[in-house]
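Written out below as structure tokens is the structure these notes cover.
Any read-out appearing in this document is the output of simple, stated calculations on the displayed coordinates, not a laboratory observation. Computed from a prediction, not measured in an experiment: that's the story for all the values here. Glycine gets a Cβ as well: all are built from the backbone with ideal geometry, and neighbour counts include every protein chain shown.
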Amino acid sequence: MSTRTFDYEILDEVKTRWSPRAFDPDRPVPEEDLLGVMEAARFAPSCFNEQPWRYIVAVQGEDDYQKILDVLNETNREWASNAPVLMIITSRKRFAKNDKENRWHLFDAGTSWGFLSLEAHRRGLHTHAMAGFSVDRTREAFDLGEDISIIAAVAMGYYGNKEDLSPELQKKEKPGLRKPTQEILLLKGKIRIHKALSHNSDAIE
Ligand SMILES: Cc1cc2nc3c(=O)[nH]c(=O)nc-3n(C[C@H](O)[C@H](O)[C@H](O)COP(=O)(O)O)c2cc1C
């Protein structure tokens, strides 16, 4: 299988969102769209409505943009330097109201980033999350305390030219595929996916 297939009709943005590397360096993201994207991130649900996510958002040309670029690993920096917007996603490890450990902060920050990426896509933008960066150097560069978890970097912008990427990266420049539904369900005997609804295997027992 080399293209995405869908068993069910779902949100267009979920179907068509993907993580490219060929960003257009000459097309900045209008402030209205940047703030619209952050609005979607803001409205994600979270445990006790704590909203633990904290975003560092930087636009090409700003000092913070260069700081983020500097903490990326070399492979990511090669393509992400063309993205007009770079972010670092962080979250607060403890609840603000009682200083107790928030076991769900990463879950909630992940939900927020998911909302962000879909809203970006709805606005014609692309996002690409990155684990390939130095957490220690990010903590130092942005003076973040140990109460903050540094989770991921993100590149955001408009699509550019695939041909501008190195030959290796050009080969990877396509939407990622997915495991079949059966593989992501932990079954306790209640959920059954019928063969007719599932594209490549038998009913689940
Ligand atoms: C938390 C996280 C970290 C990732 N780290 C990197 C990375 O360092 N470099 C990279 O090129 N892609 C990275 N990716 C992109 C994934 O490889 C990509 O989302 C996955 O292959 C699915 O493809 P799709 O987003 O096109 O559907 C990361 C994605 C996530 C969510």
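Values computed for the structure shown
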read-out	value
For region 141-153, Karplus couplings with θ = phi - 60° (6.51, -1.76, 1.60), whole Hz, Gly/Pro x	4, 10, 6, 9, x, 6, 6, 10, 8, 9, 9, 7, 9
Only Lys, Arg (+1) and Asp, Glu (-1) charged, at Cβ; the chain dipole about Cα centre in debye	1000 debye
Sequence ranges 144-153, 109-118, 82-91, 170-179, ranked by mean other-Cβ count within 10 angstrom, highest first	82-91, 109-118, 144-153, 170-179
Rg/Rg_ref, region 61-123, where Rg_ref = 2.2 N^0.38 Å and atoms are Cα	1.42
Size descriptor, Kirkwood hydrodynamic radius, that averages inverse alpha-carbon separations across region 76-165, Å	14.6 Å
In nm, spacing of pseudo-spin labels at residue 97 and residue 161 (7 Å Cα→C-beta vector)	5.5 nm
Projected-area average for the chain over all orientations - Cα convex hull basis, square nanometres	13.9 nm²
Filtered GluC sites (Glu not before Pro), region 39-86: DSSP coil and at most 16 other beta carbons within 10 Å	62
Residues 95, 6 arranged by fewest to most Cβ contacts within 10 Å	6, 95
Region 107-123-region 22-60 distance, computed between alpha-carbon centres (Å)	8 Å
